[in-house]
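Notes to accompany the following structure.
Bear in mind that the values in this text are calculations on the coordinates, not laboratory data. Everything numeric in this text was worked out from a predicted model, so none of it was measured. Methodologically, a virtual Cβ is constructed for each residue, glycine included, from the backbone with ideal geometry; neighbour enumeration extends over all protein chains shown.
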Amino acid sequence: MITIYGVYRSRALRNIWFLEEAGVAFRHVPVIQANRLKDPDAPDAPLHSRHPDYLKINPNGGIPAMDDDGFKLSESFAINFYLARKFGPPIGTDDMAESARFAQWSLFGATEIEPHSIQILYNRVQLPPDQRNEARVAEAIAALKRPLATLDRALAENGHLVGGRFTVADINVAEVIRYALPAPEALDGAPHVKAWLAACHARPAWKKIMARREEEPAL
Ligand SMILES: N[C@@H](CCC(=O)N[C@@H](CS)C(=O)NCC(=O)O)C(=O)O
């Protein structure tokens with residue numbers, strides 16, 4: 001059985017979304033980010049990303065991680081590539097060219113989008129208000145213009161990134177675009193991205209995991 005380590009309020013959501021879309025039963029261990037705890041070393045602290053027991057699963061100490069009957073894997077996108085291969089279509093694939101396209105779009109998301117979109121999340125939502133910096137948000141919005149235009153052109157064709165259907169590529173890229181939503185103006189020049197993201201977030205699997213995320217203690 002597959003175990004996913006990591007709370008819903010983390011990149012574990014990418015893997016949980018995949019599994020829900022594919023209808024795969026899994027075990028969930030809600031490892032929390034150590035930096036969200038007041039005292040991670042307290043004896044009653046929940047299992048967290050820097051706990052020695054968790055470092056045996058992911059020596060780098062980030063969430064998510066996966067264990068599939070003893071096969072341990074970290075890195076959210078690597079886990080989704082594994083799941084895509086293991087469970088195949090429609091969310092994954094058996095086809096080498098589609099697999100390569102999954103990697104192309106996911107790495108595009110990880111390298112061209114996430115470094116900027118996450119600055120929007122930090123500086124509009126996650127940092128304490130006195131540490132937020134609007135100049136960083138403006139820089140991020142400017143830096144996102146080119147990759148968002150590329151994504152917009154790709155989505156204009158048929159509303160999906162690979163194979164004309166909803167796949168792991170949509171999951172991985174939608175998850176990094178989501179970080180930009182605290183600055184909705186970032187998507188102003190990208191109508192197809194907006195429509196695609198709304199369709200991704202209208203999916204029953206997404207609604208289900210968002211409901212579970214809301215139930216999770218915010219701390
Ligand atoms: N590149 C990694 C990033 C993992 C990561 O940094 N996760 C965050 C939560 S979303 C985390 O674990 N932060 C707390 C920590 O590093 O201790 C991935 O995509 O899995």
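Structure notes:
- For segment 7-15, Karplus couplings with θ = phi - 60° (6.51, -1.76, 1.60), whole Hz, Gly/Pro x: 5, 5, 7, 6, 5, 4, 4, 4, 6
- Excluding exposed DSSP-loop trypsin sites (Lys or Arg not before Pro) (at most 11 other C-beta within 10 Å), longest clean stretch of the chain: 57-219
- A Cβ-based charge dipole, computed about the Cα centre of segment 131-207 with Lys and Arg at +1 and Asp and Glu at -1, lands at about 160 debye.
- Sequence-distant aspartates and glutamates (8 or more away, or on other chains) whose Cα lies within less than 17 Å of K72: D53
- Taking a sphere under 14 Å around the Cβ of S106 and counting the other residues whose Cβ falls inside, with K and R at +1 and D and E at -1, yields a net charge of -2.
- Karplus 3J(HN,Hα) series, Hz, for segment 113-127 with 6.51 cos²θ - 1.76 cosθ + 1.60 (x for Gly, Pro): 10, 4, x, 8, 4, 6, 5, 5, 4, 4, 8, 10, 10, 7, 6
- Using the Cβ-Cβ distance between A100 and R146 with R0 set to 30 Å, the FRET efficiency from 1/(1 + (r/R0)^6) comes to roughly 0.85.
- Computed from backbone phi, the HN-Hα couplings of segment 62-68 come to x, 9, x, 9, 10, 10, 10 Hz, rounded to whole numbers (Karplus: 6.51 cos²θ - 1.76 cosθ + 1.60, θ = phi - 60°; Gly and Pro given as x).
- Within-15-Å neighbourhood charge of R212 [Cβ basis; K, R +1; D, E -1]: +2
- Note on segment 1-90: semi-axes of the ellipsoid equivalent to its C-alpha gyration tensor, largest first and rounded to whole Å, are 25, 12, 10.
- When the P(r) is computed for the chain, the part past 27 Å accounts for 34% of the Cα-Cα pairs.
- Unit Cα scatterers, Debye sum, segment 163-219: log10 I(q)/I(0) for q = 0.23 Å⁻¹: -1.04
- For the pair segment 120-159 and segment 14-75, the centres of their Cα atoms are 27 angstrom apart.
- With a Förster radius of 35 Å applied to the beta-carbon distance between Q131 and R27, the computed FRET efficiency rounds to 0.45.
- The simple spin-label model puts a point 7 Å past each Cα toward its Cβ; for A211 and R153 those points are separated by 4.1 nm.
- Once C-alpha pairs closer than 8 Å and six or more residues apart are averaged by separation and normalised to the residue number of the chain, the relative contact order reads 21 percent.
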